[in-house]
Amino acid sequence: MSDEEITSLLQELNDIAKTHKEDVKEAVDLSDAKITITKFAAEKVSELMKSQHKEGYGLRVTVVSGGCSGKMYAMDFEKTPVDDDFVFEENGVKVFVDLKSMEFLNGTNIDYTEGLQGAGFKLDNPNTKSSCGCGKSVS
């Protein structure tokens, strides 16, 4: 197979993938998609960004496979969103969410809690059907 044929096939596959992404966006109504972050959680995110020298970055929130209930939340800092990300800004923090994760996270509120059992970010997600006893995974 020639380089031209390979390039042509790759372009065709990319076009199909792009079309499929658009089909998924239309199939799931995310026109009013929203994720909120409390003022306290935003302050903690800002503190962490500063301590890691990542001021001005956004908070990427994703849903990944894992845990005893099948899905887990993951958070990390990213400098910029990627194409097709949903981007929200609240209380001075930018939140980046990919399309696949947004289907599960829509309507979620991110908070930060402190107590005798420890401290950490808590995602109040109206789309979860169940969670496990460890509190780390959802379905």
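Need at least 1 residues that are without any contact (Cβ under 8 Å) to a residue 40 or more places away in the chain and among the polar types (S, T, N, Q) per element, so show me which strands (runs of 3 or more DSSP E) inside the stretch 71-133 make the cut, counting only ones lying wholly within it. Spell out the reasoning first.
On the way: elements: 71-78, 86-90, 93-97, 109-115, 118-124.
Passing ranges, in order: 109-115.
Could you check D84 against (1) acidic (D, E); (2) exposed (fewer than 14 other Cβ atoms within 10 Å of the Cβ); (3) under 20 Å from A33 (Cα atoms) and say which number it fails?
Tallying (1) acidic (D, E); (2) exposed (fewer than 14 other Cβ atoms within 10 Å of the Cβ); (3) under 20 Å from A33 (Cα atoms), D84 fails exactly one: (2).
Taking S51 as the residue in question, decide whether it is modelled with pLDDT of 85 or more, over 21 Å from the mean Cα position of the chain (by Cα) and over 23 Å from E103 (Cβ atoms).
On the way: modelled with pLDDT of 85 or more: yes; over 21 Å from the mean Cα position of the chain (by Cα): yes; over 23 Å from E103 (Cβ atoms): yes.
It is true that S51 is modelled with pLDDT of 85 or more, over 21 Å from the mean Cα position of the chain (by Cα) and over 23 Å from E103 (Cβ atoms).
Consider E90 carefully, then state whether it is farther than 17 Å from F104 by Cβ and out of contact with any helix residue (DSSP H, G or I) (no Cβ under 8 Å at 6 or more places or on another chain). So that I can check it myself, show each step before the final result.
Working: farther than 17 Å from F104 by Cβ: yes; out of contact with any helix residue (DSSP H, G or I) (no Cβ under 8 Å at 6 or more places or on another chain): no.
So E90 fails the test.
Looking only at residues that are in a strand (DSSP E or B) and hydroxyl-bearing (S, T, Y) in the stretch 54-69, which one is modelled with the lowest pLDDT?
First, the residues of the stretch 54-69 that are in a strand (DSSP E or B): 58-65.
Pick out the ones that are also hydroxyl-bearing (S, T, Y) and you get 62, 65.
Working: T62: 96, S65: 87.
Looking at the filtered set, the residue picked out is S65.
Here is a yes/no grid of residues against (1) out of contact with any Cys (no Cβ under 8 Å at 6 or more places or on another chain); (2) buried (at least 16 other Cβ atoms within 10 Å of the Cβ); (3) farther than 16 Å from D124 by Cα; (4) in the same structural domain as D98 (by TED's automatic domain parsing):
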{"residue": "E43", "(1), (2), (3), (4)": "yes, no, yes, yes"}
{"residue": "H53", "(1), (2), (3), (4)": "yes, no, yes, yes"}
{"residue": "Y57", "(1), (2), (3), (4)": "yes, yes, yes, yes"}
{"residue": "V63", "(1), (2), (3), (4)": "yes, yes, no, yes"}
{"residue": "K71", "(1), (2), (3), (4)": "yes, yes, no, yes"}
{"residue": "A74", "(1), (2), (3), (4)": "yes, no, no, yes"}
{"residue": "K79", "(1), (2), (3), (4)": "yes, no, yes, yes"}
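The values are calculated or read from the model by the stated rules, or taken from the named source; none is laboratory data. The model shown is predicted, which means the values in this text are computed figures rather than measured ones. Note that we place each Cβ from the backbone using ideal geometry, even for glycine, and neighbour counts take in every protein chain shown.
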